[in-house]
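Some notes on the structure that comes next.
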Amino acid sequence: MNRPYRIVMIGKQGAGKGTQCSKLAASLGLAHISTGDILRGAVKVGTEFGLLANDYMERGDLVPDDVILGIVEDRLDQPDCRDIGFVLDGFPRTLAQATALDEILHPDGVKLVINLDVPTDVVLDRLSSRRVCTGCGRTYSIYKPPSSNWTCDDCAHEVIQRADDTPEAISRRLAIYDEVTSPLIAWYQEKGKLVTIAGDGDFNAVAIEIAHLVERAQ
Ligand code: AMP
């Protein structure tokens, strides 16, 4: 793919978007823009915008489009995104966000949308067993905990369950994905931008497949 890279990773919560986007971004020097991480950062710092977003996030609801759009537009206007490029993780999640993204990136729009497809029973297990570091955000699971007493191996902060990884919030988030976000798959397919890959295989094998896709894309 020619610079600037303009990639969107789409998929259910727990499909592995975050880890795959981090790896891809690190290997190509791209900006990894995770709207969930940006929002969690704002909640942690306690900004006005974070306080507004927190209620929606804890319930598993989407934060209103106008709130999220301003943040993404500002971030995409930074020199690293304009010159080298980006991979978007968790955005767009609604048709209104996808349309706005097209307008921001007019006339070309995004170059590649990767749909990381993982069966619902697999993501349900991943989300309910997931634990995250409160310091650096590193992901663990109850099957692969940190080496010492739920303390992060990398930064020694506490490792906890996300407030929106409770059974109620998980089922709400997956229902919203099916209803509001999954129509984007057909939308990007029609534009000839979408490639679907199975995301439930070995992490490194999936990462290699993604790297090849990006290499081959226009
Ligand atoms: P994630 O870590 O991507 O699962 O995002 C966590 C939460 O942040 C979501 O459940 C939403 O409440 C909120 N969020 C993240 N990205 C978006 C978005 N593009 N639009 C609306 N809300 C979002």
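The values are calculated or read from the model by the stated rules, or taken from the named source; none is laboratory data. The structure displayed is predicted, hence computed values, not measured ones. Please note: Cβ atoms are built from the backbone with ideal geometry, for glycine as well, and neighbour counts cover all protein chains shown. Accessible surface is based on the protein model in full, side chains and every heavy atom, while ligands, DNA and RNA are left aside. Shrake-Rupley method; radii C 1.70, N 1.55, O 1.52, S 1.80 Å.
List of remarks:
- Those strands (runs of 3 or more DSSP E) lying entirely in the range 11-120 with at least 1 residues in contact (Cβ under 8 Å) with a residue 60 or more places away in the chain and within 11 Å of the ligand (Cβ to nearest atom): 85-89
- Tally, over the range 141-179, of residues that are among the hydroxyl-bearing types (Ser, Thr, Tyr) and within 23 Å of residue 59 (Cβ to Cβ): 3
- Note on the range 186-218: among residues that are within 20 Å of residue 98 (Cα to Cα) and of a type outside the set (A, V, I, L, M, F, W, C), the one that is surrounded by the most Cβ atoms within 10 Å (Cβ to Cβ) is 188.
- Being in contact with a helix residue (DSSP H, G or I) (Cβ under 8 Å, 6 or more places away or on another chain) and surrounded by 15 or more Cβ atoms within 10 Å (Cβ to Cβ) is not true of residue 51.
- The criterion of at least 3 residues that are free of Cβ contacts under 8 Å to residues at least 24 places away in the same chain and not aromatic (Phe, Trp, Tyr) is met, among helices (runs of 4 or more DSSP H) falling completely within the range 146-218, by 183-190, 203-216.
- Leading residue by the ranking (farthest from residue 127 (Cα to Cα)) among those in the range 163-185 that are open to solvent by 60 Å² or more (accessible area, probe 1.4 Å) and modelled with pLDDT of 95 or more: 183
- Against the conditions (1) at pLDDT below 95; (2) open to solvent by 50 Å² or more (accessible area, probe 1.4 Å), residue 77 satisfies every one except (1).
- Output for the range 62-72, where each listed residue is exposed (fewer than 15 other Cβ atoms within 10 Å of the Cβ) and over 14 Å from residue 38 (Cβ atoms): 64, 66
- Within the range 1-21, the set of residues being open to solvent by 40 Å² or more (accessible area, probe 1.4 Å) and either in contact with a His (Cβ under 6 Å, 6 or more places away or on another chain) or within 15 Å of residue 126 (Cα to Cα) (or both) comprises 19 only.
- Within the range 106-126, considering residues that are open to solvent by less than 50 Å² (accessible area, probe 1.4 Å) and in contact with a Lys or Arg (Cβ under 8 Å, 6 or more places away or on another chain), the one farthest from residue 216 (Cα to Cα): 123
- Residues that are surrounded by 22 or more Cβ atoms within 10 Å (Cβ to Cβ) and hydrophobic (A, V, I, L, M, F, W, C), drawn from the range 86-100: 86, 87, 88, 91, 98
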